[in-house]
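Peer 1: Below is the structure I would like to discuss, written out as structure tokens.
Derivation of every value follows stated rules applied to the coordinates shown; laboratory data play no part. Not measured: the values here are computed from a predicted model. For neighbour counting, all protein chains shown are included, and Cβ atoms are generated from backbone atoms with ideal geometry for every residue, glycine included.
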Amino acid sequence: MRTTRIHVDLELQPGAEVLLPAAASTHLLRVLRLRPGAVLTLFNGRGGEHAAELITADKAGARVRVGAASAIERESPLHLRLLQGVARGERMDFIVQKATELGVQRIVPLSCEFSVVRLDEAALRRRVEHWRSVAVAACEQCGRNRLPEVDSVTAIEAACTEGGDELKLLLLPQAPASLAPLVTGVRRATLLVGPEGGLSGREQLLAQRNGFQACRLGPRILRTETAPLAALAALQALAGDLCA
């Protein structure tokens, strides 16, 4: 039987009793209908996980006793950073969720010339916090014990100038080169994907001047929510742990 995993942003010590946050308590008690004695797994996103037991379930919430620690990790040996043009609504949620499941260590939402999403600063901050909660839930589901970073929305000009000597890939349907031959022996990679409207000519040139190599994923044009996930899966299969 699959054990329920819960993220708590606390230092976890064996023997300690922890009152879970309201959202986690509601999920355990009202959705899963767990009762005292139920076995859980807790992780704080900074590595490793702990066995735990639900000891009380009342109006105050779910209180658990922290058990033994395990140093188990499920991180890929391939360090991946995703620069993703902000997509509309559930499309961006889907990208964040699946990129987390596919082992990305950092997600940088991009503001691009052809971005469809245009929000004020307060709305953008709320959206970023929502994406971070999506990443947490994805870690709970897929078994990761380290949370990926989800940056604030960043201008593409700033994002493209970051990074060192890692492989930098720019997905373009019309690119002459395929992704696979570029990946041999790679341990770190950055992937750049445009929003629904794609990247402008200026943005493509900017990326290439900063070391990004244009590549394609087969003969078909993929949507903004499909392209990064297909590329990430390919990268993990070629140089990571997807087929290990």
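Peer 1: Say a site is exposed when it is one of the trypsin sites (Lys or Arg not before Pro), sits in a DSSP loop, and has at most 15 other Cβ atoms within 10 Å; what is then the longest site-free stretch of the chain?
Peer 2: 119-186
Peer 1: Here's another thing I want to ask about it. What is the spin-label model distance, in nm, from Ala69 to Ala177 if the labels are put 7 Å beyond Cα along the C-beta direction?
Peer 2: Going from the Ala69 label point to the Ala177 one covers 4.3 nm.
Peer 1: Just tell me, in residue order, which DSSP H segments of the chain are both 30 angstrom or longer along the helix axis (alpha-carbon based) and at least -1.0 in mean Kyte-Doolittle hydropathy.
Peer 2: Qualifying helices: 121-142.
Peer 1: Then there is this: Could you check the simple spin-label distance between Ala22 and Arg2, using points 7 Å along Cα→Cβ, in nm with one decimal?
Peer 2: 2.8 nm
Peer 1: For the pair Glu166/Leu119, report the inter-label distance in nm, with labels modelled 7 Å from Cα in the Cβ direction.
Peer 2: Label at Glu166, label at Leu119, 2.4 nm between them.
Peer 1: Ok, one more. So which GluC sites (Glu not before Pro) in segment 32-90 are both in a DSSP loop and have at most 13 other Cβ atoms within 10 Å of their Cβ?
Peer 2: Counting only loop positions with at most 13 other Cβ atoms within 10 Å, the GluC sites (Glu not before Pro) in segment 32-90 are Glu73.
Peer 1: May I pose another question? Over what distance in Å are the Cα centres of segment 30-62 and segment 69-97 separated?
Peer 2: Centre-to-centre distance over Cα atoms comes out at 24 Å.
Peer 1: Now for a different question. How large is the dipole of the chain about the Cα centre if only Lys and Arg carry +1 and Asp and Glu carry -1, each at its Cβ, rounded to the nearest 20 debye?
Peer 2: My answer is approximately 500 debye.
Peer 1: Positive end of the dipole of the chain, charges at C-beta (+1 Lys, Arg; -1 Asp, Glu), about the Cα centre: which of Pro14, Gly143, Ser70 has its Cα farthest in that direction?
Peer 2: Highest projection toward the positive end goes to Gly143.
Peer 1: Rank Thr100, Val134, Gly48 by how far each Cα sits towards the positive end of the charge dipole of segment 47-173 (+1 on Lys, Arg Cβ; -1 on Asp, Glu Cβ) and give me just the farthest.
Peer 2: Result: Val134, furthest along the dipole toward the positive end.
Peer 1: Determine the calculated [θ] at 222 nm for the chain from helices alone, applying -39500 (n - 2.57) to every DSSP H run no shorter than 4 residues and normalising by the residue count; nearest 500 deg cm²/dmol.
Peer 2: It comes out at -8500 deg cm²/dmol, rounded to the nearest 500.
Peer 1: So what J values fall out for segment 45-50 if you push phi through Karplus, 6.51 cos²θ - 1.76 cosθ + 1.60 with θ = phi - 60°, rounded to Hz, Gly and Pro as x?
Peer 2: Once rounded to whole Hz, the list reads x, 10, x, x, 8, 10.
Peer 1: Return the sequence-ordered ³J(HN,Hα) values of segment 75-87 in whole Hz as given by the Karplus equation 6.51 cos²θ - 1.76 cosθ + 1.60 applied to θ = phi - 60°, using x for Gly and Pro.
Peer 2: Taking θ as phi minus 60°, the curve returns 8, 6, x, 8, 7, 10, 10, 10, 9, 10, x, 4, 9 Hz for segment 75-87.
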